[in-house]
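K.L.:
Submitted below is the structure of interest, expressed as C-alpha cells.
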Amino acid sequence: NKRVKIKTILDESPVGKEVTLMGWVRTKRSNKNVSFIALNDGSTITNYQIVADPTIISEDILKKCATGACLKVTGTVVESQGAGQASELNAISIQVLGEADPEKYPLQPKRHSLEFLREIAHLRMRTNTFSAVFRVRHALAFAVNKYFNDKGFFYIHTPIITASDAEGAGETFKVTTLDLKNPPLTKDGDIDYREDFFEREANLTVSGQLEGELAAMALSEIYTFGPTFRAENSNTARHLAEFWMIEPEMAFYDAEDNQDLAEDFLKYIIQYALDNCGSDLEFLDKRLAEEEKGKPQDQRSEMGLVEKLKFVAENEFVRLTYTEAIDILRNSKPNKKKKFAYLIDEWGADLQSEHERYLVEKHFKKPVILTDYPKEIKSFYMRQNDDGKTVAAMDILFPGIGEIVGGSQREERLDVLTQRMEEMNIPQDEMWWYLDTRRFGATPHAGFGLGFERMVLFVTGMSNIRDVIAFPRTPGNAEF
Ligand code: 4AD
Ligand code: MG
C-alpha cells in the first residue's frame, strides 16, 4: 500500500477506499471500546482522525501510539460521525515506525510558550504553529521566484564568501583557515593573509547587491535570493545574524521605477499567500487573536491577520520624502504625555524604529515608502540627488515590522561615485571590479533588498523573527 498524504485525503475524500497514512501522533483518546488518534503528517495543518478498534489493533500497539510516535496506518476511509471533519480512517493495521516515550518527549498535547519551543527548535516544527509558519514561508519563497520568473528576471546566485563589505558597516563574519591563536605574521607584525586559503581576507556576504549590479549590467533584470550574514550585536525581535534577502537589480530603472516594482512585488507575494495558504493563515489568524487578548487594549492591533494582509495587498502605499517625514514627526504628539524618546530636532538624523512605527502605525496606518534620505546616513552607492544633500534611497516601512525593504537608484556616474567613496574612506583599488561597471557601458540602474524573514513575520503574524526561520542564528545561538 502506497502512502497517501493527509492533504490529499482531505482534498479528495475517497470514502470507501483503503489507504495508508504515515505521520506523527498529536493526541490519543481511548475508552474501552475505541481509541481515537489524531495523526499529522505536515502536509496540512489538519490532524486526521484514526479510529482504532481494540478487537482489531492490539493493546500493545495502541499503548505505543503515544504523542510524538510515528505511525504507518492502513485503513478504510469512512464518513465521519463527529462534527469538524468530513471523513476519518477505520484502522485495519497500525505499525509503529518510531516510538516516543511520553515521559521523555518534550512536546505535550497542550500549548507551550514560544520561548520554550525556541529552546527545542529541533522539535518545534512538529507543532501546529511552527508547521504553519514553515508552510507559509515555503509559499512565500516560491512566490518570490514565480514573480520574478514571470517578469523575465534571472535568478543570480551571488557568492556567500566574498571580500567585499557591500554595506560598508564593518559587521562581517570573517572566513579564514589560519590558526588565529598562532597566525603567520608579516614583517610589520600584521597577520599575513597571503598564507590564508583565499590568499587574502574574506568574509561572509552581507548583501549580494554589488555582484547583482554586475549581473544587471549584462542581463538587464536580475534578482538574488540567498543567505546574508551580519555580525551586528543587536538582540532584537527583528534582527538575525543569518537572514535571507531578496535583491532585484535592474538596468534602465530610475528611483520611481524601483518604487513601483517594490510595491507591486510585495503585494504580489502577500496575495499569493492569501490565495495559497488559506488553512494555515486561518490558524495563524486565530493564534494571533488569542495572543492579542493578553495585551492591554491600546496595544492591540485594529485588524485581524488576514484582514491586515488583504488591506496591504489591495491599497496603495504612501510615498513621501525623508524631509516630509521629519516635518510630520516634529509636529506630532505620539501620546498625550510624552514625546518620542529620541526627538528629531535636526534634519539629517537617522530615524529610530519608534519614529518609523509612528509614521506607519499611527499617522498613515499604511505601508510607507520613504525616499530621498540625507546622504550622510546612507550607503556610498546611492545616487546623489541634484540638491547635493540627499540620495535617491528608499526604505519601505510596514506596520508592526518597521523597515522591511531598503534600496535605491545607484550612482552610475564614475566621478560622483569615486568622490563619495573618497569622502567615506572606501578603498577604490579594492573595488576596481565594481567601478569597471561605471567605466564600461554605465547606465542608470536601481534595486532593493527585501529581508525575507521580516516578510514572513508580517504574513504569519508572529512577533519574534526567531520564530520564522527554522534555526535562528543570534548572539550566542548556533548549536543546531
Ligand atoms: O537595508 P539593508 O541593509 O540593504 C541592503 O543590504 C542593500 N544592499 C539592499 C539592496 O539595495 N540590494 O538590508 C535590506 C533589508 C532590510 O530592509 C531588512 O528587511 C533586512 O534586509 N535586514 C535584516 N533582516 C534580519 N536581520 C538583520 N540583521 C537584517 N538586516 C537587514
Ligand atoms: Mg536599511
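The values are calculated or read from the model by the stated rules, or taken from the named source; none is laboratory data. Everything numeric in this text was worked out from a predicted model, so none of it was measured. Ideal geometry is used to build each Cβ from the backbone, glycine not excepted, and the neighbour counts take in all protein chains shown.
K.L.:
Can you report the number of residues in the stretch 384-393 which are closer than 20 Å to S207 by Cα and either within 10 Å of ligand 2 (Cβ to nearest atom) or of a type in the set (K, R) (or both)?
P.N.:
First pass over the stretch 384-393, keeping only residues closer than 20 Å to S207 by Cα: 391-393.
Narrowing the set further to residues that are either within 10 Å of ligand 2 (Cβ to nearest atom) or of a type in the set (K, R) (or both) leaves 393.
Total meeting the criteria: 1.
K.L.:
Are any of the residues in the stretch 91-105 assigned to a helix (DSSP H, G or I) and out of contact with any strand residue (DSSP E or B) (no Cβ under 9 Å at 6 or more places or on another chain)? Outline the logic, then answer.
P.N.:
At the first step, the residues of the stretch 91-105 found to be assigned to a helix (DSSP H, G or I) are none.
So far as the stretch 91-105 goes, no, none of its residues is assigned to a helix (DSSP H, G or I) and out of contact with any strand residue (DSSP E or B) (no Cβ under 9 Å at 6 or more places or on another chain).
K.L.:
Could you figure out which of (1) in the same structural domain as A231 (by TED's automatic domain parsing); (2) more than 30 Å from I61 (Cβ to Cβ) isn't true of T177?
P.N.:
Single failed check for T177: (1).
K.L.:
Does V306 satisfy the condition of being more than 15 Å from R135 (Cβ to Cβ), out of contact with any Lys or Arg (no Cβ under 9 Å at 6 or more places or on another chain), surrounded by 16 or more Cβ atoms within 10 Å (Cβ to Cβ) and without any contact (Cβ under 8 Å) to a residue 60 or more places away in the chain? Spell out the reasoning first.
P.N.:
Numbers: more than 15 Å from R135 (Cβ to Cβ): yes; out of contact with any Lys or Arg (no Cβ under 9 Å at 6 or more places or on another chain): yes; surrounded by 16 or more Cβ atoms within 10 Å (Cβ to Cβ): yes; without any contact (Cβ under 8 Å) to a residue 60 or more places away in the chain: yes.
For V306, the condition - more than 15 Å from R135 (Cβ to Cβ), out of contact with any Lys or Arg (no Cβ under 9 Å at 6 or more places or on another chain), surrounded by 16 or more Cβ atoms within 10 Å (Cβ to Cβ) and without any contact (Cβ under 8 Å) to a residue 60 or more places away in the chain - is met.
K.L.:
Sticking with this one: Scan the stretch 267-287 and give yes if some residue there is within 26 Å of F134 (Cβ to Cβ) and within 16 Å of ligand 1 (Cβ to nearest atom), otherwise no. First the steps, then the outcome.
P.N.:
Step one: list which residues in the stretch 267-287 are within 26 Å of F134 (Cβ to Cβ), which gives 267-287.
Retained after the next criterion (residues that are within 16 Å of ligand 1 (Cβ to nearest atom)): 269-270.
Within the stretch 267-287, one or more residues are within 26 Å of F134 (Cβ to Cβ) and within 16 Å of ligand 1 (Cβ to nearest atom).
K.L.:
Quick one: would you say K310 is outside any helix (DSSP H, G or I) and farther than 18 Å from V405 by Cβ? Walk me through how you get there before you give the answer.
P.N.:
On the way: outside any helix (DSSP H, G or I): no; farther than 18 Å from V405 by Cβ: yes.
Criteria not met by K310.
K.L.:
L284 - would you say it is of a type in the set (A, V, I, L, M), part of a helix (DSSP H, G or I) and closer than 28 Å to E115 by Cβ? Lay out the reasoning, then the answer.
P.N.:
On the way: of a type in the set (A, V, I, L, M): yes; part of a helix (DSSP H, G or I): yes; closer than 28 Å to E115 by Cβ: yes.
It is true that L284 is of a type in the set (A, V, I, L, M), part of a helix (DSSP H, G or I) and closer than 28 Å to E115 by Cβ.
K.L.:
Also: Just the residues that are out of contact with any helix residue (DSSP H, G or I) (no Cβ under 9 Å at 6 or more places or on another chain) and part of a helix (DSSP H, G or I), please, taken from the stretch 117-136. Let's see the steps before the verdict.
P.N.:
Initially, the stretch 117-136 is screened for residues out of contact with any helix residue (DSSP H, G or I) (no Cβ under 9 Å at 6 or more places or on another chain), giving 119-120, 122, 126.
Once the filter is applied, which keeps residues that are out of contact with any helix residue (DSSP H, G or I) (no Cβ under 9 Å at 6 or more places or on another chain) and part of a helix (DSSP H, G or I), the stretch 117-136 yields E119, R126.
K.L.:
Let me ask something else about it. Keeping to the stretch 399-417, report how many residues are in contact with a helix residue (DSSP H, G or I) (Cβ under 8 Å, 6 or more places away or on another chain) and buried (at least 16 other Cβ atoms within 10 Å of the Cβ). Break it down stepwise before answering.
P.N.:
Taking the stretch 399-417 as the starting set, the residues that turn out to be in contact with a helix residue (DSSP H, G or I) (Cβ under 8 Å, 6 or more places away or on another chain) are 399-405, 407-414, 417.
Of the ones still in play, those that are also buried (at least 16 other Cβ atoms within 10 Å of the Cβ) are 399, 401-405, 407-412, 417.
Residues flagged as in contact with a helix residue (DSSP H, G or I) (Cβ under 8 Å, 6 or more places away or on another chain) and buried (at least 16 other Cβ atoms within 10 Å of the Cβ) within the stretch 399-417 amount to 13.
K.L.:
Being closer than 29 Å to F265 by Cα and in contact with a His (Cβ under 9 Å, 6 or more places away or on another chain) is the requirement here; does E412 meet it?
P.N.:
Details: closer than 29 Å to F265 by Cα: yes; in contact with a His (Cβ under 9 Å, 6 or more places away or on another chain): yes.
Answer is yes for this residue.
K.L.:
In the stretch 396-430, how many are closer than 17 Å to A166 by Cα and within 14 Å of ligand 2 (Cβ to nearest atom)?
P.N.:
4
K.L.:
While we're here: Inside the stretch 202-226, can you point out the residues that are acidic (D, E) and either surrounded by fewer than 21 Cβ atoms within 10 Å (Cβ to Cβ) or closer than 15 Å to G168 by Cα (or both)?
P.N.:
Restricting attention to the stretch 202-226, the residues satisfying the condition of being acidic (D, E) are 211, 213, 221.
Within the stretch 202-226, E211, E221 meet the criteria.
K.L.:
OK, next. Report, ordered by the first and then the second residue, all pairs with beta carbons closer than 9 Å, sequence separation of six or more or different chains, a first member in the stretch 144-166 that is closer than 20 Å to R454 by Cα, and a second member that is away from ligand 2 (no atom under 16 Å from the Cβ) and assigned to a loop (DSSP other than H, G, I, E, B).
P.N.:
From the stretch 144-166, the pairs are Y147/F153.
This table checks each residue for (1) within 16 Å of ligand 2 (Cβ to nearest atom); (2) over 30 Å from S43 (Cα atoms); (3) modelled with pLDDT under 95; (4) under 17 Å from the mean Cα position of the chain (by Cα).
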{"residue": "E221", "(1), (2), (3), (4)": "no, yes, no, no"}
{"residue": "H239", "(1), (2), (3), (4)": "yes, no, no, yes"}
{"residue": "E242", "(1), (2), (3), (4)": "no, no, no, yes"}
{"residue": "S279", "(1), (2), (3), (4)": "no, no, no, no"}
{"residue": "A289", "(1), (2), (3), (4)": "no, no, no, no"}
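K.L.:
Within the stretch 148-162, how many residues are over 12 Å from S220 (Cβ atoms), more than 19 Å from the chain's Cα centre (by Cα) and exposed (fewer than 15 other Cβ atoms within 10 Å of the Cβ)?
P.N.:
Adding up the residues that qualify gives 4.
K.L.:
Report whether or not R438 is away from ligand 1 (no atom under 14 Å from the Cβ) and of a type in the set (K, R). Show your work before the answer.
P.N.:
Values: away from ligand 1 (no atom under 14 Å from the Cβ): yes; of a type in the set (K, R): yes.
Yes.
K.L.:
Sort out which residues of the stretch 358-383 are among the β-branched types (V, I, T) and under 24 Å from the mean Cα position of the chain (by Cα), and write them in order of number. Explain how you work it out, then say what you get.
P.N.:
Just the residues of the stretch 358-383 that are among the β-branched types (V, I, T), to begin with: 360, 368-369, 371, 377.
Matches in the stretch 358-383: V360, V368, I369, T371.
K.L.:
What is the number of the single condition among (1) more than 14 Å from ligand 1 (Cβ to nearest atom); (2) in contact with a strand residue (DSSP E or B) (Cβ under 9 Å, 6 or more places away or on another chain); (3) of a type outside the set (D, E, K, R) that S463 does not meet?
P.N.:
(2)
K.L.:
Further, regarding this structure: Does the stretch 345-382 hold any residues that are more than 16 Å from ligand 2 (Cβ to nearest atom) and touching a strand residue (DSSP E or B) at 6+ places or on another chain (Cβ under 8 Å), and which are they? Let's see the steps before the verdict.
P.N.:
Taking the stretch 345-382 as the starting set, the residues that turn out to be more than 16 Å from ligand 2 (Cβ to nearest atom) are 345-348, 354, 358, 361-366.
Those that are more than 16 Å from ligand 2 (Cβ to nearest atom) and touching a strand residue (DSSP E or B) at 6+ places or on another chain (Cβ under 8 Å): W347, G348, F364, K366.
K.L.:
Output the residues belonging to the stretch 101-118 that are of a type in the set (K, R) and more than 16 Å from K64 (Cα to Cα). Steps first, answer last, please.
P.N.:
Just the residues of the stretch 101-118 that are of a type in the set (K, R), to begin with: 104, 110-111, 118.
Selection gives K110, R111, R118.
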